[in-house]
Structures are given as C-alpha cells and as structure tokens.
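First comes the structure, then the notes that go with it.
The numbers here are math on the coordinates, done by the rules we state, and not lab data. Remember, it's a predicted structure, so these values are computed and weren't measured experimentally. Please note: Cβ atoms are built from the backbone with ideal geometry, for glycine as well, and neighbour counts cover all protein chains shown.
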C-alpha cells in the first residue's frame with residue numbers, strides 16, 4: 001500500500017460514513033458502522049506499519065483523518081446503543097456536505113468549501129483565491145490566480161491551498177494570501193503553473209499525480225543560504241517540466257523514487273518554456 005492507495009481508502013471510508021449516516025435503516029446503520037469501524041482500525045494499523053516510509057506531513061494528515069473517522073463512527077454507535085430498544089428513536093444522522101455551486105465566476109473561494117463539493121466541471125472561468133484556506137477542484141481551461149488584498153499584514157498568516165482534478169488550466173500564484181502553510185496540487189493534466197512562495201521554505205509545496213505539466217517556481221526574496229531553498233515534494237508525476245530558472249532555488253523530493261533528489265529522471269526534467277504565455281487572458 002502506497003500513499004495514493006491510503007488517500008483513496010480514506011476517501012472511500014469518508015464517503016461511506018456520509019452515505020450510511022443518511023440512510024433510513026437503523027439496523028443496517030449499526031451493522032455498517034461496526035464494519036466501518038473495523039476497516040478504519042485496520043487501515044490505521046497499516047499506516048502505522050509503514051510510518052517510516054511516509055513523510056511527517058502525510059503521516060500527520062492521515063492520522064488526523066483516521067481519528068476524525070473513528071470519532072464519528074463511535075459517536076454514531078454510542079447513540080444507537082443509548083436508544084431504548086434500539087427502535088424508538090432514529091440515529092443522529094450525519095448532515096450531507098453542502099454542495100458548492102456548479103460554476104465559479106471571478107469570485108473568491110470560501111474557506112468552508114469542502115474538498116469533494118464541486119460535482120460539475122467548471123470550464124472557461126477566471127478564479128481568484130484570496131482566502132488563506134481554500135480548496136478548488138474539477139476545472140478545465142480556467143485561469144486561477146491568487147490575491148492577498150484581504151491581509152494587511154502577512155507576516156504571521158498561516159494557510160493552505162488545495163487544487164485537484166484540473167486540466168488545461170493556468171495556475172498563477174504570484175501573491176499568496178498566506179506566508180506559511182502548504183500548497184497541495186493533485187490530479188492535474190496539461191496545466192501551466194507559475195508559483196511564487198516566500199523564502200526560507202515556510203510554505204510546503206506538494207505535487208501529486210501530475211501529467212504533462214509545466215511548472216515554474218520562484219521566491220519572493222533571493223536565497224542567502226541552502227536552507228532557504230524551496231522544498232518541492234512530488235509523487236507520481238509524469239512528463240512534467242520544471243523551468244530551468246527554478247533549478248537553483250528548489251530541492252525536489254521524489255516520493256516515487258526516494259533515492260532521487262534533484263536528479264532528473266523519467267518523472268520530470270528541467271528545461272525552458274515560454275511561461276509568459278501563462279499570463280495571457282483566457283482565449
């Protein structure tokens with residue numbers, strides 16, 4: 001089991017918990033929650049067994065998801081057991097996740113937007129991310145940019161940005177609404193990415209499941225020492241180009257090939273590309 005499989009298993013369990021929480025059969029609910037509890041515990045054990053192969057960030061992230069799932073399932077089971085004869089009252093059901101609207105048109109993303117909320121692909125839109133915690137997915141031929149206009153003082157702003165399931169899109173993050181935290185970009189095809197981050201590696205940059213993407217990374221201030229380099233964690237990326245100007249300021253950690261660090265391999269390479277095309281308006 002690798003990191004991708006763990007993420008898929010957690011997502012499947014989250015979906016099952018949500019689905020069962022909205023069913024109308026108490027007996028089925030209780031039996032299903034028992035099964036889910038056992039599956040979650042088994043997954044937790046597998047994660048513990050391979051903890052030495054996971055990054056600290058991933059291990060903490062997976063562990064938090066597991067704790068959250070167990071808490072929900074155990075609460076549901078206790079609620080069921082506390083009911084007289086297990087029949088007179090209905091289990092406290094989980095609320096469905098709110099649905100994000102089907103299209104996004106030149107507006108900021110709410111920090112409350114759930115990861116799996118967009119159900120219809122958004123096409124040909126310009127999107128500005130200005131909240132310090134934002135999640136966006138399911139886009140095609142769009143342009144994503146960032147703005148820090150909401151923050152008068154960015155020195156101590158923490159945040160995170162998650163982008164997933166995106167194709168043929170220009171991702172231009174030149175003015176982040178936070179100075180420390182993480183950017184997680186996953187499941188992207190044929191995208192152009194221009195990302196500027198603070199120096200001293202205060203923003204973790206993770207790229208997963210990318211195909212044929214062009215990536216340029218720069219720093220807001222010049223680096224003065226090796227620790228100031230930007231760490232870029234990649235996993236399962238194919239045919240991706242990093243701009244040659246980024247080579248001296250980033251350290252690439254390839255989780256698909258732990259032995260490779262800043263060494264070009266079949267997954268990615270450094271080269272030249274006309275990234276200025278990524279700044280053009282949508283045609």
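Going by a ≥ b ≥ c, the root eigenvalues of the Cα gyration tensor, does region 122-276 fall in the rounded group (a/c under 1.5), the prolate group (a/b larger than b/c) or the oblate group?
oblate
Among 209-215, 233-239, how do they line up by average Cβ neighbours within 10 Å per residue, starting with the highest?
Going from most to least packed, we get 209-215, 233-239.
Roughly speaking, what is the centre-to-centre gap between region 184-230 and region 44-74 when only Cα atoms are used, to the nearest Å?
26 Å
If contacts are Cα pairs under 8 angstrom and at least 6 residues apart, what is the relative contact order of region 122-276 in percent?
About 16 percent, as a whole number.
Which order do peptides 127-133, 53-59 fall in by mean Cβ count within 10 Å, highest first?
127-133, 53-59
Residue 202 versus residue 223, label points 7 Å from Cα toward the beta carbon: distance in nm?
1.7 nm
Between residue 34 and residue 244, what is the spin-label point distance in nm, taking each point 7 Å from the Cα along the Cα→C-beta axis?
6.6 nm
Between residue 70 and residue 189, how many nm apart are label points set 7 Å from Cα along the C-beta direction?
Simple spin-label model gives 3.8 nm for this pair.
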